[in-house]
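Read-outs throughout are calculated quantities, based only on the coordinates presented, and are distinct from any laboratory measurement. Since this is a predicted model, take the numbers as computed values, not measurements. Backbone-built Cβ (ideal geometry, glycine too); neighbour counts: all protein chains shown.
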Amino acid sequence: MPSDIKTLNLNMFSTWIKKIELLSIILDKKAVTRQGYYDDELPLIKNFCKQNKLYLVKSEFKIKTIEDNYSEKGIAVSKKEEGAMTFLYISKDELLAYKASYFDITHDHENLGILLGYPKCCRTLFKENYEERSKLDNNYEVPMLNNSKKTNYIFYNNIFKRDSGITLLSHFPCYLDCNESQKIAKSNMSILNQFFPKTAKHFSTVLRTNFKAHERIIKFH
């Protein structure tokens, strides 16, 4: 672990969830992270991992997004494809990074989800809806909302601002009151509070908003 985490240069990580997850690895709060990066980002990420004694494994495929705007929908393409993202599996444990890569390419969503620390209930939601949602947009808001009958929720599981990079989760919670997802979100918020207090305050403000989702108004407090 670096002697002073606050001195780490995290500027090469383009989103806050990537920064949070890397710090979670360094702080032993998470075993493996899986995030997508473009080719021009890879040298800096590799150098960061080398300097901080983290193992990095590249996916055996790339993902090309269907739309220009934010979307979960993408298709797997060759590693040689230009302009597509490579998934990087990063961990303090080299074997775990390789396992994550293997589980991803073999579509073993259950074991990949376990390595990434996703709650069992949320892995179940993903598996039960994967066949349908993967053919549409890879967006799991509808099944999540089907499980969320209330109107008011605490803000930690608010994933509706992720298109602007403001989220405390890298997975879809099974419902908006999911306790296990809240634990992860609170842990991630504590990292922000510790190292980036101004950003934490901004996240707290933005996530405490009302959001219209699929003809429903969801209120977060």
Once the dipole of region 39-161 is set up from charges on Cβ (+1 Lys and Arg, -1 Asp and Glu), the residue from the list I159, T86, I75 lying farthest towards its positive end is I159
Amide H to amide H under 5 Å from Y153: which residues, 5+ apart in sequence or cross-chain, H placed 1.01 Å off N in plane?
-> K219, F220, H221
Counting only C-alpha contacts under 8 Å and six or more residues apart, can you give the relative contact order of the chain as a whole percent?
-> 18
Projected area of region 119-221, taken from the Cα convex hull and averaged over every viewing direction, in nm²?
-> 6.3
Exactly which GluC sites (Glu not before Pro) in region 123-221 are in a DSSP loop and have at most 11 other Cβ atoms within 10 Å?
-> E215
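Distance check, please: which entries in K18/K64; K46/K127; K30/K79; K19/K79; K198/K219; K92/K135 exceed 30 angstrom between their Cα atoms?
Correct reply: K46/K127; K92/K135.
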Length-normalised contact order for region 55-152 - Cα pairs under 8 Å, 6+ apart - percent = 25
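Express the relative contact order of region 1-117 as a whole percentage, based on alpha carbon pairs under 8 Å and six or more residues apart in sequence. Write down the numbers at each step before the final one.
Working: 165 pairs, mean separation 34.1, N = 117.
Result for region 1-117 is 29 percent.
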Report, in deg cm²/dmol and to the nearest 500, the calculated mean residue ellipticity at 222 nm for the chain, where each DSSP H run with n ≥ 4 adds -39500 (n - 2.57) and the sum is divided by the residue count.
-> -12500 deg cm²/dmol
What dipole magnitude, in Debye to the nearest 20, does the chain give about its Cα centre under +1 on Lys/Arg Cβ and -1 on Asp/Glu Cβ?
-> 800
Highest first, please rank the peptides 11-19, 206-214 by the mean number of other Cβ atoms sitting within 10 Å of their residues.
-> 11-19, 206-214
Of S187, S164, S204, which has the largest mean-square fluctuation in a 10 Å C-alpha GNM of the chain?
-> S164
Calculate the spin-label point distance for E215 paired with S190, positioning each point 7 Å from the Cα along the beta-carbon direction, and give it in nanometres.
-> 4.1
Projected onto the charge dipole of region 54-141 (+1 at Lys/Arg Cβ, -1 at Asp/Glu Cβ, origin at the Cα centre), which of Y55, Y118, Y102 gives the Cα projection farthest towards the positive end?
-> Y55
Net charge, S148 excluded, C-beta distance under 13 Å - Lys, Arg +1, Asp, Glu -1 | +2
